[in-house]
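Peer 1: One structure is given below, represented as structure tokens, and several questions about it will come after.
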Amino acid sequence: MYCTICGSMLEFKSIDKEGDIPFCRDCNKLFFPKVNLAMIAILTNMKNQICLINQKGSNEYKVLIAGYIKSRETLEECVKREILEEVGIDIIQCDYLNSHYYEKSDVLMVGYHALTKQYDFKIDDNELDNANWYDPSDAIGRIREGSIAYLLVEQYLNVLKIKNV
């Protein structure tokens, strides 16, 4: 590994509680690991229906809207942008749910709940085959069990149960 500033070979420096971190002696700079970030969102409407999509050419299971964070973009801005780009929906609220590490592509998926007053989709035909609203009890059975989308929808369903008690 080499320094991205001066090109010198990096060595490892032991940092309390952090372990061995790549270090450039010439620049006196530590190089902490970079994390790939993406967001995944449960988009719901005022009837508590959940938006599920089929990505282009992938019709076995429904999924939630997701996308990578762009440079200089906040997570919340990414949620708004991806939802608008993929299904043509403006959101009125965006709340953090939790995060999950997705080992298959080495990405930290940051989960959000997004709320809209809109019901009509304007899907991006280049990215999606379709998008539909589903009642919460019907949505869970359309998503691959154990997936991050499944875990987020389960969490949302538990919140709905608590609110309706």
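Peer 1: Filtering the range 71-127 down to residues that are surrounded by 15 or more Cβ atoms within 10 Å (Cβ to Cβ) and of a type in the set (K, R), which residue is farthest from I42 (Cα to Cα)?
Peer 2: Going through the qualifying residues, I end up with R81.
Peer 1: Still on this structure, I have one more. For the range 62-79, give me the residue count where each residue is closer than 12 Å to N36 by Cα, touching a strand residue (DSSP E or B) at 6+ places or on another chain (Cβ under 9 Å) and assigned to a loop (DSSP other than H, G, I, E, B).
Peer 2: 1
Peer 1: Here's a follow-up. Can you name the residue in the range 124-155 that is in contact with a helix residue (DSSP H, G or I) (Cβ under 8 Å, 6 or more places away or on another chain) and among the hydrophobic types (A, V, I, L, M, F, W, C) and is also nearest to L108 (Cα to Cα) among such residues?
Peer 2: Ranking the candidates gives V153 first.
Peer 1: Could I ask something else about it? Of the numbered conditions (1) surrounded by 12 or more Cβ atoms within 10 Å (Cβ to Cβ); (2) among the polar types (S, T, N, Q); (3) over 16 Å from T44 (Cα atoms), N132 fails exactly one; give the number of that condition.
Peer 2: (3)
Peer 1: Another one. Only strands (runs of 3 or more DSSP E) wholly contained in the range 1-60 count here; list those with 2 or more residues that are charged (D, E, K, R) and not assigned by TED's automatic domain parsing to the domain that holds I140.
Peer 2: 11-15
Peer 1: Just to be sure before I move on: is E82 over 23 Å from N158 (Cα atoms), under 11 Å from the mean Cα position of the chain (by Cα), of a type in the set (D, E, K, R) and not in a loop (DSSP other than H, G, I, E, B) in the structure I sent?
Peer 2: So E82 passes the test.
Peer 1: Report, by residue number, each residue of the range 73-117 that is touching a residue at least 12 places away in the same chain (Cβ under 8 Å), within 19 Å of Q49 (Cβ to Cβ) and hydrophobic (A, V, I, L, M, F, W, C).
Peer 2: Of everything in the range 73-117, those that are touching a residue at least 12 places away in the same chain (Cβ under 8 Å), within 19 Å of Q49 (Cβ to Cβ) and hydrophobic (A, V, I, L, M, F, W, C) turn out to be V79, I83, V87, I89, I91, I92, C94, L97, A114, L115.
The values are calculated or read from the model by the stated rules, or taken from the named source; none is laboratory data. Worth saying up front: this structure is predicted, and the values here are computed from it rather than measured. All Cβ positions, glycine included, derive from the backbone under ideal geometry; neighbour counts span all protein chains shown.
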